[in-house]
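Student: Provided herewith is a single structure, encoded as structure tokens, for subsequent inquiry.
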There are 2 protein chains.
Amino acid sequence: MIKKKLFFRDCSDYAPYGADLMRKDIHNSNIPVRCRSCEVRHQGMCGALTADELLALSAHTHLANHSAGEELAGERMPVESYATVIRGVVKLTKTLEDGRQQIVGLQFAPDFLGRLNAEENAVSVEAASDVNICRVPKATLERLVKSSPALAERLMDQTMRELDEARDWMVTLGRKTAAEKVASFLMLIATHLEPEADGERRAFDLPLSRAEIADFLGLTIETVSRQLSKLKADSVIAITASRHIEVPKLSKLQMRCGA
Amino acid sequence: MIKKKLFFRDCSDYAPYGADLMRKDIHNSNIPVRCRSCEVRHQGMCGALTADELLALSAHTHLANHSAGEELAGERMPVESYATVIRGVVKLTKTLEDGRQQIVGLQFAPDFLGRLNAEENAVSVEAASDVNICRVPKATLERLVKSSPALAERLMDQTMRELDEARDWMVTLGRKTAAEKVASFLMLIATHLEPEADGERRAFDLPLSRAEIADFLGLTIETVSRQLSKLKADSVIAITASRHIEVPKLSKLQMRCGA
DNA sequence: GCTTTTTCTTGATCAAGATCAAAGTCCACC
DNA sequence: GGTGGACTTTGATCTTGATCAAGAAAAAGC
């Protein structure tokens, strides 16, 4: 039974957030925060912290799919520290003893990774693409949550959103056909990777391989491939490279989703 | 497409909690609270409230499966009030436009029903068996959550537990065989209906019909029935009445669950 | 008690998707 | 530029679970 393993390497810049960040900027969580070291703008959780707290805890890490180095150990990582996804896609998986695997969630920026008060996380956390995360030590976050109702509320909101997404996906897993599952997956990626896009046209790179898509949809790679070919033959999508998908008319794809 | 509807009737006793409940009893959430009107002992959420708050908000309702009366309207109910399950099983369902249905969660006592801060609930809430619930008006609960960190924490814990359960079930839906799904369902019911039971033997009434089990497992009634017959033929379970299941050896059932 | 309706079980057949197999494509690396 | 390896596509066949159908059992109504 081959279980794929992914790895992470720390990037060289562990520099904290620049001191030029004004406390008022950070307190207002509607203002995006720019990290001086990686130049990625991000908002969300960090916006709920104070500048001092941010300075104390921020350490950026680049997770790279398939790169050599220390293992990003499934269950262990989120127990030792929490993190916010800044860029890229993280997959949450569960595996049966005999190796059958199911992806139970995908996290996009600016989602929060890790679970409060849990001794052991029930899911494996792996980078699906190259990923930047903003790490927060376990003890630090748990202290912050107690003193900051806004942060606690943000975590509650994300947890409820994840629950909604999990339940939506249960319908897909339990009651949709293979064709509908694949269309629903493309729809999910299209809306998450380009949430602000307008109009009917979309173009994006799939963050997952065929095998990962199969694990997400409860199908085999062959079935995923066949259904993608079928959508292509029907001109619902164009596949210019195996990972690059173009959707000329989103509503046409939507009609294939079965709901 | 036939969509089954369930109904509720209010029971006659809307009496609030007895004034003989001592404030100290209620503050200590480890002490079960006995409702004078329905004589059902229950703990959990109510234990986190003060006596005054309890008096102000408690109204018991008996939900009855299939009884005539006002409709327990899927999405509407949990929006107008929140509730704790005191007795019975409540199912959360989602339905595709063409009528395909998936049960996305089961709530047992003392689970909490309803969702904070949500304008509209994404799931339909229906009684699976006769159910007693303790209702809390929407505004009341939202006010209490703001002032009581303990209550907020309890809601967060339940939400995370529901998320774990949803993800566990995603593995079952996506990666298990029909036989494993049915065994897993029986395991779920056995552990939830008799959580404190000891030893290997279990006996219980199924709270769901074959059709509901099928909707929970992403299968058809026929397949559910066949797999139950097979478990019976293999002496893993005994079916004394169609709803009554006896499990002589839980570990033997566990081995059929595929994980 | 008897009928009617609903739920459950069992059998026969069918089809969606899995499995098995092979060839094609895309990269990374030398 | 060529080679090796992983990923993807496509085809042939098989299995699992769906569908169709009928009868049995249980529950509801009268």
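Student: Compute the distance from the alpha-carbon center of segment A:192-259 to that of segment B:205-259, in whole Å.
Tutor: The distance from the Cα centre of segment A:192-259 to that of segment B:205-259 comes to 37 Å.
Student: Right, something else. For B:ARG201, go 7 angstrom from Cα along the Cα-to-Cβ vector, then report the distances to that same point in the other copies in nm, smallest first.
Tutor: Result, one decimal in nm: 7.2.
Student: Can you give the mean number of other chain Cβ atoms that lie within 10 Å of the Cβ atoms in peptide B:157-166?
Tutor: 6
Student: Determine, from the Cβ-Cβ distance of A:ALA241 and B:ALA211 and an R0 of 35 Å, the FRET efficiency 1/(1 + (r/R0)^6), rounded to the nearest 0.05.
Tutor: Once the sixth-power term is evaluated, E becomes 0.15.
Student: Determine how large the accessible area of B:CYS257 is when every protein chain is in place; take a 1.4 Å probe and give Å² rounded to the nearest 10.
Tutor: My reading of the accessible area for B:CYS257 is about 10 Å².
Student: At 7 angstrom along the Cα-to-beta-carbon line, where would the label on A:GLU142 sit relative to the other copies? Give the distances in nm, shortest first.
Tutor: The answer, with the shortest distance listed first, is 3.2 nm.
Student: What's the average, rounded to a whole number, of partner chain beta-carbon atoms within 10 Å of each residue's beta-carbon in A:99-112?
Tutor: Partner Cβ neighbours, averaged per residue: 3.
Student: OK, next. Using a Förster radius of 25 Å, what is the FRET efficiency between B:SER251 and B:ILE221 based on their Cβ-Cβ separation? Nearest 0.05, please.
Tutor: Result of the calculation: an efficiency of 0.30.
Student: Which whole number gives the average count of other chain Cβ atoms within 10 Å of the Cβ atoms across peptide B:171-182?
Tutor: 5
Student: Distances in nm, one decimal, shortest first, from B:GLU222 to the same residue in every other copy, taking the label point 7 angstrom along Cα→Cβ.
Tutor: 2.5
Student: At the nearest 100 Å², what buried accessible area, both sides summed, do you get for B and A when the probe is 1.4 Å?
Tutor: It comes to approximately 3700 Å² buried between B and A.
Student: Over all distinct alpha-carbon pairs, what is the Kirkwood Rh of segment B:176-257 in angstrom?
Tutor: 12.5 Å
The values are calculated or read from the model by the stated rules, or taken from the named source; none is laboratory data. Small disclaimer: the values here were computed from a predicted structure and weren't measured. As a convention, Cβ positions derive from the backbone with ideal geometry for all residues, glycine included, and neighbour counts pool all protein chains shown. Only protein heavy atoms, including side chains, enter the accessible area calculation; ligands, DNA and RNA are left aside. Shrake-Rupley method; radii C 1.70, N 1.55, O 1.52, S 1.80 Å.
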